[in-house]
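The block underneath contains the structure these notes are about, expressed in structure tokens.
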Amino acid sequence: MHGNFFTMTDLFEQLGLPSDAEAIEQFIRQHRGVCRQHTLVAAPLWNDSQRHFLKEAIAQDSDWAIVAERLTGLLSQ
């Protein structure tokens with residue numbers, strides 16, 4: 001059984017954030033290191049609906065969890 005494979009662009013679109021490559025790179029540069037001190041869900045970056053989406057995606061190990069984990073890694077550097 002194959003799941004959906006979402007991209008970082010897909011995740012940013014789902015979160016209602018600018019999703020072009022330049023905007024994603026800028027977001028990561030601006031918030032780099034935040035996940036050294038916070039989990040992705042607890043990071044002070046999200047509004048309530050974004051936080052809820054990320055929490056559910058990770059908790060349910062949904063197809064979104066893979067790209068959310070990639071974002072965590074990028075924000076941990």
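FYI, it's all coordinate maths here, none of it is from the lab. Please read all numbers here as calculations on a predicted model, not as lab measurements. Backbone-built Cβ (ideal geometry, glycine too); neighbour counts: all protein chains shown.
So here's what we get for this one:
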item: Packing-based ranking, highest mean first, of 29-36, 64-71, 48-55 given that Cβ atoms within 10 Å are counted; result: 64-71, 48-55, 29-36
item: Segment ARG32-GLN50, length gained on full extension (0.36 nm per residue, minus Cα span); result: 4.7 nm
item: Computed helical MRE - 222 nm, the chain, DSSP H runs ≥ 4 contributing -39500 (n - 2.57), nearest 500; result: -18000 deg cm²/dmol
item: Taking the chain and dividing mean pair separation by its residue count, relative contact order in percent (alpha carbons under 8 Å, at least six apart); result: 41 percent
